[in-house]
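**Q** One structure coming up, written as structure tokens, with questions to follow.
The values are calculated or read from the model by the stated rules, or taken from the named source; none is laboratory data. Predicted model only: the values in this text are computed from it and were never measured. Positions of Cβ are generated from backbone atoms using ideal geometry, with glycine treated the same way; all protein chains shown enter the neighbour counts. With ligands, DNA and RNA removed, areas are computed over all heavy atoms of the protein, side chains included. Shrake-Rupley method; radii C 1.70, N 1.55, O 1.52, S 1.80 Å.
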Amino acid sequence: MAGVRECALAAADALELARDELCRLDSPAGDGDHGVTMALAAHAVRNALDAAPDASGADLLVHLAAAAGSVGGASGPLYASALLAAATTVRQAGPDTGTVPLVARCAEAAQAAIVNLGHAKPGDKTILDALDPAVRSLLLETSNTEMGDALAQAATAARAGAAATAQMTAAAGRARVLGERSRGFADPGATSMAIIIEAAASAFRGRPPRSATRP
Amino acid sequence: MTFKKLINDPFDVVDEALDGFVYAHSSLIALHEPRVVVRRSPAGSKVGIVVGGGSGHEPAFGGYVGLGMADAAACGNIFASPPPNVILSAIRAANHGHGVLMAYGNYAGDVMNFGLAAQLAAAEGIEVREVRVSDDVASAPKGEESKRRGIAGDIIVFKCAGAAAEGGRPLAEVERIARDANDWTRSMGVALSACEVPGSGRPTFELPDDQMEIGMGVHGEPGIKRGPLRPADEVAGVLVDTILADVESLRGDVALLVNGLGATAYVDQHILFRAARRALEARGLNVVRGYVGEFITSLEMAGASVTVTFLHDELLALLDAPASAPAFRN
């Protein structure tokens, strides 16, 4: 069964494939660097996985948090704090690993960490607009659900949430200053979050990540 | 539009540029670690000043490390805040036992990363204060000043805070002065053409050849008005009027700084300076200090910004205090 390592690798692959798409989404409202930042994060994640070949679970999540944080920007600290919150949740769970309810609690803790650090809320046209529907989807699942199915449902919800940001007015993050003019473009941060959740779902189903969509 | 860049691997841009910058100014600065610029000769006993932000804004931020300015600069990836561990290294390098003031532009990423670094430093027993520069009047309306981003006003705040620290003032005073310099400084820019983040393969925005965008940010964040390119005098008038409309009571003396964004000729920058100076004087203000040049760029973006600092005796004295940094000397 796939674990944190496989999901992280799949996410790194998917983010590198999506670099141009994410830069394109970041241009109308932001500074055009989001795809490059996430590709740098993917590179750091690969290095972290190589540097800790025996780490798994919570320990590996902590390594991944440091890797994600190392890219700075706005995404770096948000992902770092989200992954640290997930690691803490796994540690507190003790022997209960790899179950859908635990993954749901991890996702919930990750979301709370992002809210705490970034002070945004769903509807503000941020990363949360992909994560929040995914968390709600995961929390509805029972322990009888297959992990691959649960993640696939969450990924669908995240992608729909990211797509819906195109109709939102930015209220936080760098796109905030654009106000009404931010409408019409999906939020790059929400899009990369959807890509990561999709990659995790693919890893559990033993499939390669989706290829980057072209404009 | 394609951009011709004189680079190697796009992923090496930041570190290679920093290496070159430090080699070029090796009598003044050194690399403490890959992304942390420090003074060649560390200061003695005084409040430490840390500046920083994304790269791509050269000579910011390493150019403001030196006597009378910052002790250390933390440098991030292109247009992305440095991460907390890099900022923490800069804080440690700048700490001489009297606390550290961090001054940086008010952007979501910088606020998070510098804030986390301040917490890490506090856990080590280093007292850290932070001042977020927010001079860009185009980025949020009056009444929401705390949401504004920091652009060329950075340099005024770094200079005043640096001079106060060099003069032996305590941390609380240095913080007060940095806030005061920020409070009395307003900027607004105009963009004429875009830039390209190395590796992104596309310009950060599209702007037709005959158009300009008033109020655009230093990362290409959209401004408040797009229209046909106008003569420098007219552009300066719009920028100065918007800046002055933002200030309650106008003081008599001001400092005027014109900042080129990277691909606008020095000739144009000086024409804009002349026009802005005349616009200010026509509105009854005395321009007693002037600065023109590339202080905080945006890769190869074309355009410029106008920064006005409404002076009182203390700020003027701090602006005039000695400084010896790669990008600012008095």
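**Q** What is the one condition in (1) within 24 Å of A:F185 (Cα to Cα); (2) at the interface with chain B (Cβ under 8 Å from one of its Cβ atoms) that A:M38 does not satisfy?
**A** (2)
**Q** Right, something else. Can you run down the residue pairs with Cβ atoms below 6 Å, 6 or more apart or on separate chains, where the first is in the range B:220-248 and within 14 Å of chain A (Cβ to nearest Cβ) and the partner is assigned to a helix (DSSP H, G or I) and crowded, with 19+ Cβ neighbours inside 10 Å?
**A** B:E221/A:V177; B:P222/A:L178; B:G223/B:A138; B:I224/B:A138
**Q** Let me ask you something else. Using beta carbons and a limit of 8 Å, which pairs, at least six apart or on different chains, have the first residue in the range B:4-29 and in contact (Cβ under 8 Å) with a residue 24 or more places away in the chain and of a type in the set (G, A, S) and the second one buried (at least 18 other Cβ atoms within 10 Å of the Cβ) and in a loop (DSSP other than H, G, I, E, B)?
**A** Every condition considered, the pairs that remain are B:A17/B:E58; B:A24/B:P326.
**Q** May I pose another question? If I go through the range B:155-187 residue by residue, how many of them are in contact with a Gly (Cβ under 6 Å, 6 or more places away or on another chain) and closer than 20 Å to B:L311 by Cβ? Break it down into steps so the answer makes sense when it comes.
**A** First, the residues of the range B:155-187 that are in contact with a Gly (Cβ under 6 Å, 6 or more places away or on another chain): B:162-163, B:166, B:171, B:185, B:187.
Right, trim to closer than 20 Å to B:L311 by Cβ and you get B:162-163, B:166, B:185, B:187.
Residues that pass the stated criteria total 5.
Residue-wise test of (1) closer than 20 Å to A:A10 by Cβ; (2) not β-branched (V, I, T).
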{"residue": "A:A44", "(1), (2)": "yes, yes"}
{"residue": "A:A55", "(1), (2)": "yes, yes"}
{"residue": "A:L60", "(1), (2)": "yes, yes"}
{"residue": "A:A65", "(1), (2)": "yes, yes"}
{"residue": "A:V115", "(1), (2)": "no, no"}
{"residue": "A:I127", "(1), (2)": "yes, no"}
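**Q** Condition first: of a type in the set (V, I, T) and either farther than 24 Å from A:D26 by Cβ or modelled with pLDDT under 95 (or both). Can you find one or more residues in the range B:290-302 that meet it? Working first, answer last.
**A** Step one: filter the range B:290-302 for residues of a type in the set (V, I, T), giving B:292, B:296-297.
From what's left, either farther than 24 Å from A:D26 by Cβ or modelled with pLDDT under 95 (or both): B:292.
So far as the range B:290-302 goes, yes, one or more of its residues are of a type in the set (V, I, T) and either farther than 24 Å from A:D26 by Cβ or modelled with pLDDT under 95 (or both).
**Q** Quick one: how many residues across the range B:33-53 are under 25 Å from B:Y107 (Cα atoms) and crowded, with 17+ Cβ neighbours inside 10 Å? Explain how you work it out, then say what you get.
**A** To start, the set of residues in the range B:33-53 that are under 25 Å from B:Y107 (Cα atoms) comprises B:33-38, B:47-53.
Narrowing the set further to residues that are crowded, with 17+ Cβ neighbours inside 10 Å leaves B:35-38, B:47-53.
Number of matching residues: 11.
**Q** Let me ask you something else. Tell me which of these B:A90 doesn't satisfy, since it passes every other one: (1) open to solvent by less than 10 Å² (accessible area, probe 1.4 Å); (2) within 20 Å of B:L299 (Cα to Cα); (3) within 14 Å of chain A (Cβ to nearest Cβ).
**A** In the conditions (1) open to solvent by less than 10 Å² (accessible area, probe 1.4 Å); (2) within 20 Å of B:L299 (Cα to Cα); (3) within 14 Å of chain A (Cβ to nearest Cβ), B:A90 misses (2) alone.
**Q** Counting just the residues of the range B:183-215 that are open to solvent by less than 20 Å² (accessible area, probe 1.4 Å) and away from chain A (no Cβ under 12 Å), which one comes out farthest from B:V133 (Cα to Cα)?
**A** Looking at residues that are open to solvent by less than 20 Å² (accessible area, probe 1.4 Å) and away from chain A (no Cβ under 12 Å), I get B:M212.
**Q** Whether any residue in the range B:161-175 is assigned to a loop (DSSP other than H, G, I, E, B), of a type in the set (V, I, T) and surrounded by 23 or more Cβ atoms within 10 Å (Cβ to Cβ) is what I want to check.
**A** No, every residue in the range B:161-175 fails to be assigned to a loop (DSSP other than H, G, I, E, B), of a type in the set (V, I, T) and surrounded by 23 or more Cβ atoms within 10 Å (Cβ to Cβ).
**Q** Also: Which residues, counting only those in the range B:106-160, are touching a helix residue (DSSP H, G or I) at 6+ places or on another chain (Cβ under 9 Å), among the acidic types (D, E) and over 21 Å from A:G76 (Cα atoms)?
**A** B:E124, B:E127, B:D135, B:D136, B:E145, B:D154, listed by residue number.
**Q** Taking the residues in the range A:57-77 that are touching a residue at least 60 places away in the same chain (Cβ under 8 Å) and closer than 17 Å to B:F79 by Cα as candidates, determine which candidate is most open to solvent (accessible area, probe 1.4 Å).
**A** Checked the range A:57-77; the qualifying residue most open to solvent (accessible area, probe 1.4 Å) is A:A74.
**Q** Just to be sure I understand the filter: pairs with C-beta atoms under 7 Å, separated by 6 or more residues or on different chains, first member in the range A:139-157 and of a type in the set (D, E, K, R), second member in a loop (DSSP other than H, G, I, E, B). Which pairs pass?
**A** That search, which allows pairs on different chains as well, returns nothing.
**Q** I need every pair where a residue in the range A:93-112 that is in contact (Cβ under 8 Å) with a residue 12 or more places away in the chain has its Cβ under 7 Å from the Cβ of a residue that is in a loop (DSSP other than H, G, I, E, B) and polar (S, T, N, Q), sequence separation at least 6 or different chains.
**A** A:T99/A:S143; A:V100/A:S143; A:V100/A:T145; A:P101/A:S143
**Q** Something else: Please verify whether B:G56 is small (G, A, S), closer than 17 Å to A:V36 by Cβ, crowded, with 21+ Cβ neighbours inside 10 Å and touching a Cys at 6+ places or on another chain (Cβ under 9 Å), treating the condition exactly as stated.
**A** It is true that B:G56 is small (G, A, S), closer than 17 Å to A:V36 by Cβ, crowded, with 21+ Cβ neighbours inside 10 Å and touching a Cys at 6+ places or on another chain (Cβ under 9 Å).
For (1) modelled with pLDDT under 95; (2) farther than 21 Å from B:L261 by Cβ, each residue gets a yes or a no:
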residue	(1), (2)
B:G99	no, yes
B:V111	no, yes
B:V131	no, yes
B:G143	yes, yes
B:A152	no, no
B:P170	no, yes
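**Q** To continue, here is another question. Listed residues B:A74, B:A103, B:A80; which is within 11 Å of another protein chain (Cβ to nearest Cβ), in contact with a helix residue (DSSP H, G or I) (Cβ under 7 Å, 6 or more places away or on another chain), aliphatic (A, V, I, L, M) and not in a loop (DSSP other than H, G, I, E, B)?
**A** When all the criteria are applied, what remains is B:A74.
**Q** Within the range A:1-28, restricting attention to residues that are within 10 Å of chain B (Cβ to nearest Cβ) and open to solvent by less than 10 Å² (accessible area, probe 1.4 Å), which residue is nearest to B:G53 (Cα to Cα)?
**A** A:C23
**Q** Continuing with the same structure: For the list (1) among the hydrophobic types (A, V, I, L, M, F, W, C); (2) under 16 Å from B:V306 (Cβ atoms); (3) not in a helix (DSSP H, G or I), I need the number of the one condition that B:V131 fails.
**A** Result: B:V131 fails condition (2) only.
**Q** Quick one: count up the residues across the range B:6-21 that are surrounded by fewer than 20 Cβ atoms within 10 Å (Cβ to Cβ) and either among the hydrophobic types (A, V, I, L, M, F, W, C) or more than 14 Å from chain A (Cβ to nearest Cβ) (or both). Spell out how you get there, then give the answer.
**A** So the first thing to find is which residues in the range B:6-21 are surrounded by fewer than 20 Cβ atoms within 10 Å (Cβ to Cβ), and the list is B:6-12, B:15-17, B:19-20.
Adding the requirement that they be either among the hydrophobic types (A, V, I, L, M, F, W, C) or more than 14 Å from chain A (Cβ to nearest Cβ) (or both) leaves B:6-8, B:11, B:16-17, B:19-20.
Residues that pass the stated criteria total 8.
**Q** Also, quick follow-up: I'd like the full set of residues that are in contact (Cβ under 8 Å) with a residue 60 or more places away in the chain and aromatic (F, W, Y), limited to the range B:69-106.
**A** Listed by number, the list holds a single entry, B:F79.
**Q** When you go through A:D50, A:D54, A:D59, A:D31 one by one, which is the residue that is among the charged types (D, E, K, R) and within 9 Å of another protein chain (Cβ to nearest Cβ)?
**A** Criteria check complete, one pass: A:D31.
**Q** For the range B:176-209, which residues satisfy the criterion of being of a type in the set (A, V, I, L, M) and part of a strand (DSSP E or B)?
**A** Passing the criteria: B:M188, B:V190, B:A191, B:L192.
**Q** Another question, if that's okay. What number of residues within the range B:246-260 satisfy the criterion of being open to solvent by 10 Å² or more (accessible area, probe 1.4 Å) and modelled with pLDDT of 95 or more?
**A** Here the count works out to 1.
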